[in-house]
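Visitor: Mind having a look at this structure? Questions to follow.
The values are calculated or read from the model by the stated rules, or taken from the named source; none is laboratory data. This one's a predicted model, so the numbers in the text were calculated from it and none came from an experiment. Using ideal geometry, Cβ is built from the backbone for each residue, glycine included, and neighbour counts are taken over all protein chains shown. The area values use the complete protein model at the heavy-atom level, side chains included, leaving out ligands, DNA and RNA. Shrake-Rupley method; radii C 1.70, N 1.55, O 1.52, S 1.80 Å.
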Amino acid sequence: MSKQPSDNIMSKLVALCKRRGFIFQSSEIYGGLDSCYDYGPLGTELKANIKQFWLKSMVQMRDDIVGLDSSILMHPTIWQASGHVAGFSDPMVDCKNCKRRFRADDINIEKCLVCGGELTQARQFNLMFKTHMGPVEDEASIVYLRPETAQGIYVNYQNVLQSSRQKIPFGIAQIGKAFRNEITPRNFIFRTREFEQMEMQFFVKPGKDEEWFEYWKEKRIQWYDELGIKKENLQFHQHGPDELAHYASAAFDIEYQFPFGWKELEGIHNRTDFDLKQHQAYSGKDMQYFDDATRERFIPYIIETSAGCDRTLLTCLADAYEEEDLNGDTRVVLHLSPKIAPIKAGIFPLVKRDGMPEYGHKITDNLKKHFMAFYDEGGAIGRRYRRQDEAGTPFCITVDSQTLEDNTVTVRERDSMKQERVPSDNLLQYIRDKIS
Ligand code: GAP
């Protein structure tokens, strides 16, 4: 990324996201809803590709992890057992003058950052969203929107064990929405009140937890490398005793160097047997695992890898964004990995005559069976390239007069801008090889 003030880069990214249909402010025509965002056509593809890439690495390629899709609304006692009702809160202060609200751990001063007014004492503010189930709105009908997907996995662990015939060590992976009534959501989609998590809980024998914790730390940072994120923008941060969540005995964050600083991207936690023990106590159901080989019974320890899907998407965009100087002109390009690029190929007839559009449509229809391909015949060829550069499309295919003679097309590669002539019949294989 070119050297620019960080707020400048963020505002350019936000503008690009709106202009090109990656991300829109939610409820925009009503003035927007704070911290809620909608994914547009390109954002939807990018997000789906990130999730698919995660599922491939965490489930498809492994014999020891299976998937789950649990409901957002769950029995309210789950959140008592998990400790969220009592302890999932942030300290909050209010300005007595302008009434603005801040997270107390974000500011170490006594006066309001905005107006200089006096602040109240810190109070605990529970981050869970509440709603009511059924027609009566009373204490007994309160249910919560889940603040993490993890609990849906813990309460299903026996169901999955029995139905999938997995044996310890094994994992359960889930992607889904989570909700937190954050006091200070900020930085575009970095911290929002509605977001998606990609979580995996790995069940191990007590005593083997530290070994698996190290294993998952390495696996997960490697995943971001495979996603195309620059290594120098990734680091680990170990939680000190005062940072650890109530359920964790050890935790490392994978941090990314965002334009607004190094921030958490994913958490890897040793949750010990805390959650399953709590659910055993609150539900009265036996949460022990029976080991056939050793005839032992024990409550498994859990190593958790917890990534934010929206945060990963922001990371991909920030890491890929570049403004290149091209002969005095600026080329805005997203160097997204072809694996996750929303559109893999743009197809352009050089001119709108002589059978070139028909040829272009035929190629597009063929490629579309395998991945997202986009036909564009509008405007000068240079402008069409630029539009795809901004969308992160790795390959642009041009149909020209030579195509009509020898059935070859030019393929222009986004990052190098190099062009190569490729027989139309080999196009699919050519692009597939480059993507993989
Ligand atoms: N189950 C453990 C857990 O939820 P966490 O560290 O609170 O751990 C995990 O959250 C990940 O979820 C974070 O690393 C981040 O990527 C994402 N996340 C958490 N809160 C978020 C928010 N308000 N907005 C967007 N993503 C969030």
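Visitor: Can you tell me which of Glu196, Glu243 is farther than 17 Å from Ile65 by Cβ, among the charged types (D, E, K, R), within 13 Å of the ligand (Cβ to nearest atom) and at pLDDT 95 or above? First the steps, then the outcome.
Guide: On the way: Glu243 fails: at pLDDT 95 or above.
Step by step, each of Glu196, Glu243 is checked, and only Glu196 is farther than 17 Å from Ile65 by Cβ, among the charged types (D, E, K, R), within 13 Å of the ligand (Cβ to nearest atom) and at pLDDT 95 or above.
Visitor: Let me ask something additional. In the range 390-409, which residues are open to solvent by 10 Å² or more (accessible area, probe 1.4 Å) and either modelled with pLDDT under 95 or part of a helix (DSSP H, G or I) (or both)?
Guide: Glu390, Ser401, Gln402, Leu404, Glu405, Asp406, listed by residue number.
Visitor: Turning to a different aspect of this structure: Checking Ala307 against (1) more than 14 Å from the ligand (Cβ to nearest atom); (2) part of a strand (DSSP E or B), which single condition isn't satisfied?
Guide: (1)
Visitor: Also, quick follow-up: Could you please find all residues in the range 322-346 being open to solvent by less than 10 Å² (accessible area, probe 1.4 Å) and assigned to a strand (DSSP E or B)? It would help to see each step written out before you state the result.
Guide: Step one: of the range 322-346, the residues open to solvent by less than 10 Å² (accessible area, probe 1.4 Å) are 331, 333-334, 336, 340-342, 345-346.
The answer is Arg331, Val333, Leu334, Ala345, Gly346.
Visitor: How many residues does the range 100-148 contain that are part of a loop (DSSP other than H, G, I, E, B), exposed (fewer than 15 other Cβ atoms within 10 Å of the Cβ) and touching a residue at least 60 places away in the same chain (Cβ under 8 Å)?
Guide: Looking only at that region, the number is 1.
Visitor: Consider the range 152-175. How many of its residues are at positive phi and either assigned to a helix (DSSP H, G or I) or modelled with pLDDT of 95 or more (or both)?
Guide: Within the range 152-175, residues that are at positive phi and either assigned to a helix (DSSP H, G or I) or modelled with pLDDT of 95 or more (or both) number 0.
Visitor: Determine if the range 152-159 includes at least one residue that is aromatic (Phe, Trp, Tyr), closer than 25 Å to Asp63 by Cα, within 15 Å of the ligand (Cβ to nearest atom) and crowded, with 18+ Cβ neighbours inside 10 Å.
Guide: Filtering the range 152-159 for residues aromatic (Phe, Trp, Tyr) gives 154, 157.
Going one step further and asking which of them are closer than 25 Å to Asp63 by Cα, we end up with 154, 157.
Of the ones still in play, those that are also within 15 Å of the ligand (Cβ to nearest atom) are 154, 157.
This time we only want the ones that are crowded, with 18+ Cβ neighbours inside 10 Å, so: 154, 157.
Scanning the range 152-159, I find at least one residue that is aromatic (Phe, Trp, Tyr), closer than 25 Å to Asp63 by Cα, within 15 Å of the ligand (Cβ to nearest atom) and crowded, with 18+ Cβ neighbours inside 10 Å, so the answer is yes.
Visitor: Given (1) closer than 25 Å to Leu161 by Cβ; (2) within 15 Å of the ligand (Cβ to nearest atom); (3) in contact with a Phe, Trp or Tyr (Cβ under 7 Å, 6 or more places away or on another chain); (4) open to solvent by 30 Å² or more (accessible area, probe 1.4 Å), identify the lone condition not met by Asn187.
Guide: Unmet condition: (1).
Visitor: Just name the residue that is surrounded by the most Cβ atoms within 10 Å (Cβ to Cβ) out of those in the range 205-261 that are within 17 Å of the chain's Cα centre (by Cα) and assigned to a strand (DSSP E or B).
Guide: Looking at residues that are within 17 Å of the chain's Cα centre (by Cα) and assigned to a strand (DSSP E or B), I get Tyr256.
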